[in-house]
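What follows is a set of notes on a single structure, which appears directly below.
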Amino acid sequence: NTHAVENKIRAYLSKVDGVNVGGNKVNNDGFEYNIKDMGTGESTIDPKLEKYVCESFEGIGKEAQDNFNKYLRDNVWCDETLSNAEKIEIMKANFNKLTPEQKINFNVLNDVRVIKNADYSNWGEWPDIDWPSFPGLNKDTAIGVFNKETGEILIPSELDRIGSPFGNNLGVVENGYHSTQSERSICYIENEYARNTYYFDKTYYKDAIDAIKNFSIDHPEDSVNKINSIIDKLNIKNGTNNPHITENVIANWYSQYKAFQSNPKLVALCKEKEIDSTYGVMGEAAPWEKNGEIITTGGAKQINTPINVKALEDIGILQNKGGW
């Protein structure tokens, strides 16, 4: 329930003939509705489930999110008297109790259709989600991010990500438009505080990935020096002060790179479509289907990099411009 969103709705409603901007609204047809039900974060819940809604959660950021998950794990996910749909409804209601500071980079499931747990079962530590095949791209649109003919990295300059920086999936921002969860084929509650916008600097991207992938193959010392040289150049270019990394850090990035490239589903896609995934893959998000039913529309332009967003930020290739 954010003042920013509510004020935008009030500003719109004030222009609509016959609307009295106050508590409840009545339109020209006499239909009454409440501003809190119009995308401001507030939602209704079945009265019999209200007892499962925590009034508030302690802490901010990850501390609050850990408390949120623990509360659900101890009181909701384990309750076999609740259906899967009721658990999702309770999760949404509890999410609405979080403050903006507590919602930062936090993703919470919102669609019961993607749950693999049996109805009226104990979910255990986490809900079991039937995720689409990695990397979730429409095969007909999938390509590598590096054009061998031109030597160009095809990743656009403005990107965004929903959630923590410890993932490698990015969306493309075009003319200021940020794709919805459905367009991205993600079944999370829409959360403006989980969205971060990035500027992508392609200048040294290829060199950085080359240094990481060669870490344990030829000369690890040279690879470390090369990465730190790239960091120095980007610090000068961007006026930043990113520190040099250690061998332990580049070893972690190398592990990420190897795990990405060896993912069986990515390997199969690249073999089928003759894609070079060395520097990542891109395309449009595929629709999410289950039992013949379309759950998400897909269609958003998507980038999958071989190392995560946090690593690209540490190098200076991605610059966080904040939320929107």
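The values are calculated or read from the model by the stated rules, or taken from the named source; none is laboratory data. Remember, predicted model here, so these are calculated numbers, not experimental data. No Cβ is skipped: glycine too gets one built from the backbone with ideal geometry, and neighbour counts run over all protein chains shown.
Confirm whether L137 is within 25 Å of K301 (Cα to Cα) and modelled with pLDDT of 95 or more.
On the way: within 25 Å of K301 (Cα to Cα): yes; modelled with pLDDT of 95 or more: yes.
Yes; evaluated as a whole, the condition is true for this residue.
Of the residues making up region 107-145, those that are part of a loop (DSSP other than H, G, I, E, B), within 19 Å of F95 (Cα to Cα), not assigned by TED's automatic domain parsing to the domain that holds K70 and not charged (D, E, K, R) are W123, W126, P127. Tell me, yes or no, whether region 155-162 has at least one residue that is assigned by TED's automatic domain parsing to the domain that holds I295, part of a strand (DSSP E or B) and without any contact (Cβ under 8 Å) to a residue 40 or more places away in the chain. No: region 155-162 contains no residue that is assigned by TED's automatic domain parsing to the domain that holds I295, part of a strand (DSSP E or B) and without any contact (Cβ under 8 Å) to a residue 40 or more places away in the chain. Taking the stated definitions as given, is N241 polar (S, T, N, Q), surrounded by fewer than 20 Cβ atoms within 10 Å (Cβ to Cβ) and either modelled with pLDDT of 95 or more or closer than 24 Å to N147 by Cβ (or both)? Taking the combined requirement at face value, the residue satisfies it. Taking the listed residues I231, I294, I245, the one that is outside any helix (DSSP H, G or I) and over 26 Å from S185 (Cβ atoms) is I245, with no other qualifying. The set of residues from region 284-306 being buried (at least 19 other Cβ atoms within 10 Å of the Cβ) and at negative phi comprises E284, A285, A286, W288, T296, A300, K301, Q302, I303, N304, T305, P306.
Suppose the filter is assigned by TED's automatic domain parsing to the domain that holds A300, assigned to a strand (DSSP E or B), of a type outside the set (G, A, S) and surrounded by fewer than 19 Cβ atoms within 10 Å (Cβ to Cβ); does Y199 pass it?
Considered against the rule, which asks whether it is assigned by TED's automatic domain parsing to the domain that holds A300, assigned to a strand (DSSP E or B), of a type outside the set (G, A, S) and surrounded by fewer than 19 Cβ atoms within 10 Å (Cβ to Cβ), Y199 comes out as yes.
Rundown of residues vs (1) farther than 30 Å from N107 by Cα; (2) free of Cβ contacts under 8 Å to residues at least 60 places away in the same chain, yes/no style:
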{"residue": "S182", "(1), (2)": "no, no"}
{"residue": "Y198", "(1), (2)": "no, no"}
{"residue": "I212", "(1), (2)": "no, no"}
{"residue": "K226", "(1), (2)": "yes, yes"}
{"residue": "N238", "(1), (2)": "yes, no"}
{"residue": "T246", "(1), (2)": "yes, yes"}
{"residue": "A251", "(1), (2)": "no, yes"}
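Return a yes/no flag: does region 114-129 have any residue that is in contact with a Cys (Cβ under 6 Å, 6 or more places away or on another chain), farther than 14 Å from F68 by Cα and in contact (Cβ under 8 Å) with a residue 24 or more places away in the chain. Checked against the condition, which is being in contact with a Cys (Cβ under 6 Å, 6 or more places away or on another chain), farther than 14 Å from F68 by Cα and in contact (Cβ under 8 Å) with a residue 24 or more places away in the chain, region 114-129 yields at least one hit. For region 269-283, the count of residues that are within 28 Å of D201 (Cα to Cα), of a type in the set (D, E) and buried (at least 19 other Cβ atoms within 10 Å of the Cβ) is zero. L98 meets each of the listed conditions (1) buried (at least 20 other Cβ atoms within 10 Å of the Cβ); (2) outside any loop (DSSP other than H, G, I, E, B) apart from (2).
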